[in-house]
Structures are given as C-alpha cells and as structure tokens.
Amino acid sequence: MANLIIKRATNYGFQQSGRIINALYGPYFAYLSGVLLILVRSWYHFQIFSTLLVYLIGGIGMYLLATKVRATKRIALIAALLFMNVGWLPRWGLSQNLNSWGAVLAPFVLICAVRMISDHQRPIKIIPLALIMAIIIEIHILSTILFTLVLLPFFMIGLWRANDKIKMLLDTILAALLTILLTANIWGSFLTIFANNSIAEPAKFALEQNALQFSMILGQRNQLGAVCLVLFAAQLVYVLVSKRATTVNRIVTVIGVLILFIASDLLPLIYSLG
C-alpha cells in the first residue's frame, strides 16, 4: 500500500523507471488518496477504508443500474452482491489495482448507456454523462478508453431510435466538450510534456495472455467462474426464447455477449484457427 501512495504522490520515479506519474495519470485521485491517508493516519486504515469505499460505491452503482432496467429490488440486491464479489472490485483489497476503480464506476457509465436506448425523448443528459466520464479520466485513463468503446454501440442504437436525432448529437457534443473542459489539467499536461519531452512509454502487455478465460474453478483474476457462466448463459437463453423480454433487455444482453466474446480468449483462438 505504501508503494501505491508513493508512486501516486510523486511525479517521477515509479519503481525507479523515471516515468512521469501524477502530471499525466489521475492527479486529483492521488491528492484525494493522500488526504484520506492523512485523515486515517496509517496505511492499514487507508487500505481498509478505501476497500470499503470500493465495495460501497460499486454496490450502489450496480443496484441503481439494475433498478434502471426495471429489475425488482431483490434481484437488484443480488446483482449488486455478485458484482461486489466477482471481477475487479476484490482486486483493490488484494493488490490496489486501479482497474478496480474503473470497475467501480462502470455501472454509472452503463446507466447513461441504458438511457441512450430507452429514453427516446432525451437519450443524453449532458451533466451526468460529462461528470462520470470526467471522474473516470481523473482516475484511470485506460478505463476511459474502454468505456468509450462500450458506449459507442449504445449511442448508435440510441441515435437510430431517438425522436430528435439532431438534439441527441448536439447534447453528445456538449457532453464531450464539458468533459474535456473538466479534465483540462490532464490534457494540458499531455500536450505540454509530449511537445517537449520523450518520455518512457507504458509497459507492454500480451493481450492474449490477459484475455478473459472461462473456467469452472476460479484460480486467476482473468477467469470467469461457473456461477457467472451459468447466469450469463441463462440470460442469453431468456432473451432469445422469451416473449416477455423487453427491447432494452435484448439490446443490453446482445451487446454484453459481444463484449464478453471480444474480451475472452475465444477470439484469438478462433482467429488462429482461421
């Protein structure tokens, strides 16, 4: 935990690499983490309190998302509990991986995505969309890229279904401009540093080795276990055969399955066979 705050509290020297950290990567989150550390007075208390925040914010977000798609309170609570115990959220307590904070904010992004395809009168609410994207940029830039890609299919479907397509386009542009304005500290740093410095590039990762794996027994962080597999399969079967499934339910499920496939090791496997 000490390594986390040290690397977030200095501009140079993460693992003696000479990389610039705070000026480019989540400065406000680093400052808030430092303030929290001062308040709780120890690394141990910081880890406990920040882990509770991860579970609390992530659980509330998933509960709100479930109710947004008209799930019952009981189902929404179950979904929130599953979300809190599967995937990236537990990784914060284990290794303080910042992907966890991206996962924490994912439900709030998906609330905006669901609104795009369900609210034909006002599919884009400028301030909520801009705020959540700005917060994500200030914490974890990789999550920003992933969430933008996730929002694209929802945006295209929402634009096709919107009553006023011009207004939706204008609201999207305004939300994007507001997001850029709110995160000017990061983009300004990028422009300043990259214009005059040759800095170390991010570490390279083998994407195939970090792809999601389907497994009946969980052993690694990138494995999807039996419970989630059964739930996802049941949901897919439901939207394919049930006449009671709503249009929003079908759209979200199909997009989710496609994203799950792209993120899994099935895609490179099929590509190699081809």
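The values are calculated or read from the model by the stated rules, or taken from the named source; none is laboratory data. Quick caveat: nothing in here was measured; it's all calculated off a predicted structure. Cβ sites come from the backbone with ideal geometry, for glycine too, and all protein chains shown count toward neighbours. Ligands, DNA and RNA are excluded from the accessible area calculation, which covers all protein heavy atoms including side chains. Shrake-Rupley method; radii C 1.70, N 1.55, O 1.52, S 1.80 Å.
Observations on the structure shown:
- Hits in the stretch 97-131 - residues which are surrounded by fewer than 19 Cβ atoms within 10 Å (Cβ to Cβ) and either on the phi > 0 side of the Ramachandran plot or touching a Ser or Thr at 6+ places or on another chain (Cβ under 9 Å) (or both): 99, 126, 131
- Residue that is nearest to residue 87 (Cα to Cα) [pool: residues in the stretch 239-274 that are open to solvent by less than 90 Å² (accessible area, probe 1.4 Å) and hydroxyl-bearing (Ser, Thr, Tyr)]: 264
- Test for residue 77: is it touching a residue at least 24 places away in the same chain (Cβ under 8 Å), outside any loop (DSSP other than H, G, I, E, B) and aliphatic (A, V, I, L, M): no
- Test result for residue 122, more than 14 Å from residue 59 (Cα to Cα), at pLDDT below 95 and assigned to a helix (DSSP H, G or I): no
- Selection count where residues are of a type in the set (A, V, I, L, M), at pLDDT 85 or above and outside any helix (DSSP H, G or I), scope the stretch 21-53: 0
- For the stretch 177-202, filtered to residues that are within 22 Å of residue 127 (Cβ to Cβ) and touching a residue at least 24 places away in the same chain (Cβ under 8 Å), the residue that is surrounded by the fewest Cβ atoms within 10 Å (Cβ to Cβ) is 185.
- Flag if residue 72 is more than 16 Å from residue 151 (Cβ to Cβ) and open to solvent by less than 30 Å² (accessible area, probe 1.4 Å): no
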